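Below: the structure, in structure tokens.
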């Protein structure tokens, strides 16, 4: 019986082919893991663009990130200036309070609120808004029953805020702006 050994090229090919097959299997496995990870990431991202389902989802204190007015022509403006500040408090008993201010609103020369000039009063009105009352959530919308507001036209009204996005600690809503156009307000939960 003659035992012949394969030529070196054949042995090299067998070893290389086996290595390539294993490499391909690893690549296929890596791709499968990559695809599974991407799918999971996409599903997590899709669920993170969730919406507040109940009032409990909003309970806590939120700080304003931005308050932008989108005019009819599409131009955008920071409603409370580039350094606008704000706070929204949602209690578990269904009560809320929201305050937004422009920290750069000029001070009254007289140092008395009741003695502001017409210009000072206008700047003060445009430089902030506050409201409080009760709230509830339904169908991707936050509803407010406004008991009081620094904008008198809102006092005693029901207001709606369409939730654009909600990720647990980030909230963005839109509403018809009290100064015209559409307002988009972004909040971040205070930890």
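The values are calculated or read from the model by the stated rules, or taken from the named source; none is laboratory data. Model, not experiment: these values are computed from the prediction. Don't worry about glycine lacking a Cβ; one is built from the backbone with ideal geometry, like all the others, and counts go over all protein chains shown.
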* Could you tell me which numbered condition residue 168 fails, if it satisfies all but one of (1) exposed (fewer than 14 other Cβ atoms within 10 Å of the Cβ); (2) farther than 27 Å from residue 59 by Cα; (3) within 21 Å of the chain's Cα centre (by Cα)? => (2)
* Asked: Restricting the search to region 112-129, which residues are farther than 13 Å from residue 80 by Cα and surrounded by 16 or more Cβ atoms within 10 Å (Cβ to Cβ)?
  -> 116, 120
* Asked: Here are some conditions: (1) under 20 Å from residue 65 (Cβ atoms); (2) free of Cβ contacts under 8 Å to residues at least 60 places away in the same chain. Residue 181 meets all but one. Which one does it not meet?
  -> (2)
* Asked: Can you name every residue in region 180-190 that is surrounded by 14 or more Cβ atoms within 10 Å (Cβ to Cβ) and under 18 Å from residue 129 (Cα atoms)?
  -> 181, 182, 183, 184, 185, 186, 187
* Just to be sure, is residue 47 out of contact with any strand residue (DSSP E or B) (no Cβ under 8 Å at 6 or more places or on another chain) and at pLDDT below 90? -> yes
* When you go through (1) out of contact with any strand residue (DSSP E or B) (no Cβ under 7 Å at 6 or more places or on another chain); (2) farther than 20 Å from residue 147 by Cβ one by one for residue 85, which number turns out not to apply? -> (1)
* For region 130-165, how many residues meet the condition of being more than 17 Å from residue 86 (Cβ to Cβ) and in contact with a helix residue (DSSP H, G or I) (Cβ under 6 Å, 6 or more places away or on another chain)? -> 2
* How many residues does region 91-111 contain that are surrounded by 14 or more Cβ atoms within 10 Å (Cβ to Cβ) and more than 19 Å from residue 162 (Cα to Cα)? -> 5
* Assess whether residue 78 counts as being surrounded by 13 or more Cβ atoms within 10 Å (Cβ to Cβ) and either modelled with pLDDT under 95 or under 24 Å from residue 106 (Cα atoms) (or both). => yes
